Amino acid sequence: MKTQPFIKLFFLVGLLLIYSKLSAQKKYYVSSKSNGKHQYATIHQALSAVDKQIKRSGYPKQGIEVIIKDGNYKIDKPIRITKYLSGTKKNPLVIKAENPNNARFFGGHILDLNEFKNFNPNKAPFQLVDEKAASKIKVLDLKKTSIKKSDLGDFVKHGYGFDKNPYYTTPAMLWVGHQRMHLSRWPNNDEDNEYYDNINQFNGRFKDVFIKGAVSLTNVIEKGQKKQNKWYSNKEFLENGGGTFEVAFDRGSQWNFYKKNDEKIWLDGVLSASWEWEYTKIKTIENRRIKLASGSNRGLGFFRKVTHFHFENIPEELDTEGEYFIDREHMLLYFYAPSDVKEKTITLSTLEQNMFHVVGASNIKIEGLILEFGRGNAIFINCPKLDGEISIKSDNILVENCIIRNFNQWGVIIQNAQNSTVNNCHIYSMGAGGC
């Protein structure tokens, strides 16, 4: 009889343990040092295991957590979350850092500074405008890395008034630490250039406004074709529809690489109305006359004096810390590295697709992660469509307490998803926008 209290206590403890086990969330861990059941080397492996679990036994009432241990994880394909990974409102599927902001997903290749070679101007396929810069430039043979030509992306015309291009892509970008490097360009980013005209624009009403790193045109020779419907599929418009304008400088006479190679010079800026920014390819530069490959939104000369732009992707203009140029044809990266480069990580962003793609899934929570570097978007949430109609709605998606940075396009895009929230996230250094 004296043992009854002990038996009761033992029985109660047993019940509590069973209840705790039943009520606890199922946990799947992602770690670079995975070494056992429910521990995986990649997020893709963990989600595959979760998918199998749900298909076999259904989504557990107590929910599922995918926990990312501290570390850096290279993401080379989208983390796709579909309806089959949906949680419940009470217990959503949670993907979270074990320790907030100590688990980092990055969509790029880390480059080793020791693999860069010294630039040899005598063997280079271009001649630097500033020959003194030669001793500062390093060259990396990308063929000796795991990077493929397809990883490097490409340049595509875009800008104000140009509707969505289904073939749109972005080029790989170079980063040192969390600082974006710049394509070799002229004028340089912070340069006060004498060929920027702020006197004649709007009859001098903005003469007190000076834009650094920009020049202006002096006269429109040919307006070129206006934007057309489905312009992105019109080869004639894209390659031969551009107008021609004059400039007051002869700098372009020193740019010759683009004439015999696949890498072309691109113009970034305003060529017409002050709000009509565009990014467009240069076809030829001859005798201070610049011919564009493709037409602008409404043709050159709409407000012909309201112009400010620069030229980039020019190997001859490698002359400033942080500038780079990629010869895709020969898979060579030329880099004028900043002075503190040895203390930081060099990353080339290469992931073309969305890092996270939530499509038709519901009750998902992404929490405490660092997402960085990619040619696309960090997180894209949308709904699949069938015959133009939404077939499965994404609902109740929460992105919380994340750091999202250094993507070519958007931080978080939510399209047609209901009750979805971005909360307390730090989103910065995006090519298109935050969310």
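Summary table
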| item | result |
| --- | --- |
| Relative frequency of Cα-Cα separations exceeding 41 Å in the chain, percent | 30 |
| Sequence ranges 402-408, 67-73, ranked by mean other-Cβ count within 10 angstrom, highest first | 402-408, 67-73 |
| Folded to 0 to 90 degrees: helix 43-57 orientation relative to the chain principal axis, Cα | 40 |
| Length added when fully stretched, Asn72-His158, from 0.36 nm per residue minus Cα-Cα | 27.6 nm |
| Amide H contacts of Arg80 (H built 1.01 Å from N, under 5 Å, at least 5 apart or other chain) | His357 |
| Positive-end residue, the chain charge dipole about Cα centroid, Cβ charges, pick of Gln254, Ser31, Leu128 | Ser31 |
| The stretch 180-287, Cα convex hull volume normalised per residue, Å³ | 148 |
| Neighbour cut-off at most 12 other Cβ (10 Å), DSSP loop, trypsin sites (Lys or Arg not before Pro), the stretch 111-202 | Lys123, Lys148, Lys164 |
| Descending semi-axes in whole angstrom, ellipsoid equivalent of the stretch 103-181, from the Cα gyration tensor | 28, 20, 13 |
| Integer Hz, Karplus 6.51/-1.76/1.60 couplings in order for the stretch 73-82, x for Gly and Pro | 10, 6, 10, 10, 8, x, 8, 9, 10, 10 |
| Signed unit charges on C-beta, dipole axis of the stretch 111-347, positive-most listed residue Thr320, Leu174, Leu267 | Leu267 |
| Residue-averaged 222 nm ellipticity for the chain, from DSSP H runs of 4+ at -39500 (n - 2.57), nearest 500 | -3000 deg cm²/dmol |
| Mean separation of Cα contacts under 8 Å, 6 or more apart, over the residue count of the chain: relative contact order % | 18 |
| Spin-label pair Glu246/Lys143, simplified geometry with 7 Å Cα→Cβ offset, distance in nm | 4.6 |
| Label-point gap, in nm, between Glu115 and Asp130 - each point 7 angstrom along Cα→Cβ | 2.9 |
| Rounded to the nearest 20 debye, dipole of the chain from Cβ charges on Lys, Arg, Asp, Glu | 2320 |
| Estimated dipole of the stretch 72-209 in Debye, rounded to 20 [Cβ of Lys and Arg +1, of Asp and Glu -1, Cα centre] | 1040 |
| Å³ per residue enclosed by the Cα convex hull of the stretch 98-251 | 240 |
| Distant-in-sequence amide H partners of His158 (H built 1.01 Å from N, under 5 Å) | Tyr279 |
| Val66 long-range amide H proximity, modeled H, under 5 Å | Tyr28, Val94, Ile95, Lys96 |
| Nearest 10 degrees, 0 to 90: helix 4-23 Cα axis against the chain principal axis | 30 |
| Formal net charge of residues neighbouring Leu140 (Cβ-Cβ distance under 12 Å; K, R +1; D, E -1) | 0 |
| Local electrostatic count at Phe309 - Lys and Arg +1, Asp and Glu -1, tallied over other residues with Cβ under 12 Å | -4 |
| Unit charges at the beta carbon, dipole of the chain: most positive-side option, Ile379, Ile79, Asn193 | Ile79 |
| Spatially near lysine pairs across the stretch 58-137, Cα under 23 Å, sequence gap of 8 or more or different chains | 13 |
| Cα-centre dipole for the stretch 111-347 with unit charges at Cβ (Lys and Arg positive, Asp and Glu negative), debye to 20 | 800 |
| Whole-Hz ³J(HN,Hα) from phi, Karplus 6.51 cos²θ - 1.76 cosθ + 1.60, for the stretch 210-218, glycine and proline x | 10, 9, 6, x, 9, 10, 10, 8, 10 |
| Reduced Cα scattering model of the stretch 111-347, Debye log10 I(q)/I(0), q = 0.10 Å⁻¹ | -0.50 |
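None of the figures in this text is laboratory data; all of them are computed from the coordinates on show. These numbers were taken from a predicted model, which means no experiment stands behind them. Cβ: placed from backbone, ideal geometry, glycine included. Neighbour counts: every protein chain shown.
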